[in-house]
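For reference, the structure discussed in these notes is given below.
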Amino acid sequence: QTKGKFSFKYGKLEVRAKLSQGQGSWPAIWLLGENGGWPNNGEIDVMEHLNFDSIFYQTIHSYYIDVMKHENDPKHFAIASFKPGEFNVFGMEWYPDRIDLYLNGQKTFTYPKILKDTTGTQWPFDKPFYILLDQALGGNWPGPVNSKDLPQQMIVDWVRVYQQDIVK
């Protein structure tokens, strides 16, 4: 993770990675707000993969979604297919009014800012976030680990962050 070392607000993130597969495997590429707690400061899951699936999940989390249960206003997640056993580029473009998620250069999901949000909790994405890359094992979502499928790894070829210079 880059907490305390590097964070950014708006821009483009790309991670070229190869995911292994196995029961209980749970690799992820995600971002959290640099300051504050979850879910108020938001979470952007660029990629979460489970077990032997050939799909992965892209999810947005916030107080608005996870506590107030506005899960479909707007829709907060997508599922996309990837190429198992090959390097794939998982990406995100983050703007003041939306977050676009990508796989291999193709847009797979957009989470928009609601302009007339009366709760004040739908868009906690106007502050710096840090990056986390991890290969978790087990848990409620992927289930138990099968020791026959170990070791598991997410091989990361590169991580790139792009930001536009603003000239005043």
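Computed from backbone phi with θ = phi - 60° and the Karplus coefficients 6.51, -1.76 and 1.60, the 3J(HN,Hα) list for region 3-9 is 4, x, 10, 7, 9, 8, 10 Hz; x is used for glycine and proline. Phi angles of region 55-72 translate, via the Karplus equation with coefficients 6.51, -1.76, 1.60 and θ = phi - 60°, into HN-Hα couplings of 10, 9, 10, 10, 9, 10, 10, 6, 4, 4, 7, 7, 9, 7, 6, 8, 7, 10 Hz per residue; Gly and Pro are given as x.
When the chain is treated as a GNM with alpha-carbon contacts under 10 Å, the residue of Thr59, Thr121, Thr110 showing the greatest mean-square fluctuation is Thr121. For Glu34, the residues whose amide H sits under 5 Å from its own are Phe129, Tyr130, ignoring neighbours fewer than 5 places away on the same chain, with H placed 1.01 Å from N. Phi-derived couplings, Karplus 6.51 cos²θ - 1.76 cosθ + 1.60 at θ = phi - 60°, listed residue by residue for region 144-151: x, 7, 9, 4, 5, 8, 8, x Hz, with x used for Gly and Pro. Here the gap between Asp73 and Ile55, fully extended at 0.36 nm per residue and compared with their Cα-Cα distance, gives a gain of 4.1 nm. Taking a threshold of 23 Å on the Cα-Cα distance, which of the pairs Lys12/Lys75; Lys3/Lys69; Lys12/Lys69; Lys5/Lys113; Lys9/Lys69 fall above it? From the list (Lys12/Lys75; Lys3/Lys69; Lys12/Lys69; Lys5/Lys113; Lys9/Lys69), the Cα-Cα distance tops 23 Å for Lys3/Lys69; Lys12/Lys69; Lys5/Lys113; Lys9/Lys69. Ranking Phe77, Phe129, Phe52 from most to least accessible surface, computed with a 1.4 Å probe over the protein chains only, gives Phe52, Phe77, Phe129. Summed over the residues of the chain and divided among them, the accessible surface reaches 53 Å² per residue at a probe radius of 1.4 Å. When the alpha-carbon atoms of the chain are used, the pair Rg, Dmax equals 16.0, 58 angstrom. Surface composition of the chain: carbon plus sulfur atoms hold 50% of the accessible area, using a 1.4 angstrom probe and ignoring ligands, DNA and RNA. Computed from the C-beta positions of Lys107 and Lys127 and an R0 of 35 Å, the FRET efficiency is 0.90 to the nearest 0.05.
Of all the options Lys18, Lys69, Lys148, the one that moves most in a Gaussian network model of the chain with Cα springs shorter than 10 angstrom is Lys148.
Geometric descriptor of region 55-129, per residue, is 99 Å³ (volume of the convex hull of the Cα atoms).
Calculated mean residue ellipticity at 222 nm for the chain: -500 deg cm²/dmol, from DSSP H runs with n ≥ 4 weighted as -39500 (n - 2.57), summed, divided by the residue count and rounded to 500.
The values are calculated or read from the model by the stated rules, or taken from the named source; none is laboratory data. As the structure is a computational prediction, the values presented were derived from the model and not from experiment. Neighbour counts run over all protein chains shown; Cβ positions are idealised from the backbone, glycine included. What goes into the accessible areas is simple: the full protein's heavy atoms, side chains included, and nothing from ligands, DNA or RNA. Shrake-Rupley method; radii C 1.70, N 1.55, O 1.52, S 1.80 Å.
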